[in-house]
Amino acid sequence: MISDFGESYYDHVCLIMHEKDVLDLELNGKSHMTNLRKWWYDWFLLSYTDERAQSFYTSTHALRMERAKQFYIYKNSIHPLSKFRKFWDYFIVLIVLVNMLIFYHSTSITYGNWEWQTYIFNVGLDFILFFDIYINMRTGYIHDDSKRIILNSRKALIYYSSTKLFAHALGSIPLQGLMFLRYGPNINCDICKANKFVVVLELLCIFRFYRLYDATSRWGMDKRCIKTCCCLKFLRISILGSMSMVIYMHLSDIIAVLTVILTGELDSRSYYASVLDLKYGSDTPPPNSVFYCLEFARICKSFLLFSFSLIPRAYFPDKMTALVAYLIAMIFYMWSIVECYIFLSFIKFSQEQMVTCVDRTMTLVRWRKLSDGFSKKLTRYFSFNMTKLTVTEQQNGLYKSLPKSLKRDIAISCYSRMVLRIPYFAEWPTEVIEEIVMVLKEEIYLEGDVVAEASVPSDGLIIVVVGVLAIYSIRNEEMGHLIDGDYFCELCLVTDREIRMSSVVAITPCKLLFLEKITFRKLMRQYPDLFYDLKKALNAKYSSQRRATVDPMPIKYI
């Protein structure tokens, strides 16, 4: 067989050495400036260490290819799974929290006043929130239907503008800056704060809660580390629950202020009137820490009881406020229960299956008294991500209970595109491709395993799903590599006496798809025209290559 079976279905306009990262290829040298540039570009490219990348890229090679595509084509875009984006998501949460708390402090007439220079810091936080809009415009997005990451700047801008831009713009209005523009150094004046202008600003601040919700939406997406995922999920619930309660309690105070502005009166039994009397009813008001503790106790009690007041007979509107606050707290309680159920189910039906399978296999190894080398090989096998997927599918009761039609749809969805990208099958009817997919067999090879041996007839077409394989000539010379999506031994599908001229060895753990030639020919009895067209195309290709050279051709890197 001609050794040019490394041809890939990918179409590239340039040659890429896939064994090296794109930054190592393009930024040579060891100077401080070169290292700084590498660090800068790596900050915005797809991160190798982001756990969420496992859901979109099945191998290290796929990660390298994505980084190269972004560097050459979409250099001005920020990858949603980059180190910078991960840092920024955590950073913007802190910025929103601090900004909202400082703003609420600056607009409250019950808290003690800080120096007006202190609020200048919050104006800088307003600018960071506005700058976050630009960051989001430059960041790619995840297409929900195809589960692909889109880095095209124009498409990313359209997607962001049609989904989040309006809410983010409302949540980025420089509220503290507007207060400074109106009041200047008199921003601490309590009389100035009790007006409709400040009330409107406080109502606009509520939209920043969406910024908080959106920035934390990516927390806990790493399903491989259960502890980290669980902690982030419950940290998110705690932050959103606490801030929603702060916003709601502040909203009740805004209503009390509006009542005073419109009617000039405030019921002495209300909680807000009690706090104002405590603040302004004596010549020596208590320290500011007392009001902080009162607000904190008010929020915490809303998670447990319906009412809160400084006097025995609670004001009825305060009771209703506490009741609604308790109902809001119940929403977050239920959210916590749902998250607990999800994680317990994940541990019970996924991790437990894997642990049980590994334990039983190792017990069998000990009973059979197999060597330690074989045990280490089994350990590498079970640590391979594709192995975990296979074990889960075979042992998961829910997957087993699916009807054959759904399992067929799953297989077609997973592998039909890989078959269609092979040039010989690209224009075949959809129903034929589906039948081919259903007869494919999945096989896993570990590092160092011989996938195909030279001077031996081939049994069928092999497609690389995940992994890197090395090609060796009969003289044991390394000729190149096969990567995700490559295929080889296709000539055996239409010939009977084809002999392999090269060996293929797995460099990394690999998952392969095997199309047995006997099964393929039985299937092709229903489509003789397609079979003879395939045979003609393959014979024409390899006949021209035999005329061009006698020795095996070097494989192309792509």
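The values are calculated or read from the model by the stated rules, or taken from the named source; none is laboratory data. Note that this is a predicted model, so its numbers are computed, not measured. When we count neighbours, we look across all protein chains shown, and the Cβ atoms used for this are built from the backbone with ideal geometry, even at glycine. Surface areas here come from the heavy atoms of the whole protein model, side chains and all, with no ligands, DNA or RNA. Shrake-Rupley method; radii C 1.70, N 1.55, O 1.52, S 1.80 Å.
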Once you keep just the Cα pairs under 8 angstrom separated by 6 or more residues, what percentage relative contact order results for the range 194-294? 23
Loop-located trypsin sites (Lys or Arg not before Pro) in the range 433-530, at most 10 other Cβ atoms within 10 Å (DSSP): ARG475, ARG497, ARG525
At a 1.4 Å probe radius, which order do THR259, THR110, THR379 fall into by accessible area, largest first? THR379, THR259, THR110
How many Å² of accessible area per residue for the range 32-166, probe 1.4 Å? 51
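Sorted by accessible area (1.4 Å probe), largest first, how do TRP114, TRP428 line up? Display every interim value, and only then the final one.
Values: TRP114 100, TRP428 30 Å².
I get TRP114, TRP428, largest accessible area first.
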If packing is taken as the average number of other Cβ atoms within 10 Å across a peptide's residues, how do 128-139, 455-466 rank, most packed first? 455-466, 128-139
Under 14 Å from the LYS377 label point (7 Å along Cα→beta-carbon), backbone N, the range 445-481: 445-451
Amide H of THR139 versus every other amide H placed in the peptide plane: which residues, excluding those fewer than 5 positions away on the same chain, fall under 5 Å? ILE78
Rounded Å value of the spacing that divides the Cα centres of the range 231-255 and the range 50-89: 33
Ignoring ligands, DNA and RNA, what accessible area per residue does the range 407-536 give at 1.4 Å, in Å²? 46
Solvent exposure, largest accessible area first (probe 1.4 Å, DNA, RNA and ligands not counted), of TYR213, TYR445: TYR213, TYR445
Filter the trypsin sites (Lys or Arg not before Pro) in the range 26-80 to those in DSSP coil with at most 13 other Cβ atoms within 10 Å of their Cβ, and list the result. LYS30, LYS75
Which shape class applies to the range 429-494: rounded if a/c is under 1.5, otherwise prolate when a/b exceeds b/c and oblate if not, where a ≥ b ≥ c are the square roots of the Cα gyration tensor eigenvalues? prolate
If you take the square roots of the eigenvalues of the alpha-carbon gyration tensor of the range 176-222 and sort them as a ≥ b ≥ c, do you get rounded (a/c under 1.5), prolate (a/b over b/c) or oblate? prolate
Separation between Cα centres of the range 275-300 and the range 415-473, rounded to whole Å: 73
³J(HN,Hα) computed for each position of the range 326-334 - Karplus, 6.51 cos²θ - 1.76 cosθ + 1.60, integer Hz, glycine/proline x: 5, 5, 4, 4, 5, 4, 6, 4, 5
Accessible surface of SER238 - all protein chains present, 1.4 Å probe, nearest 10 Å²: 70
Quote the accessible area belonging to ILE120 in square angstrom, nearest 10, computed with a 1.4 Å probe and with ligands, DNA and RNA left uncounted. 80
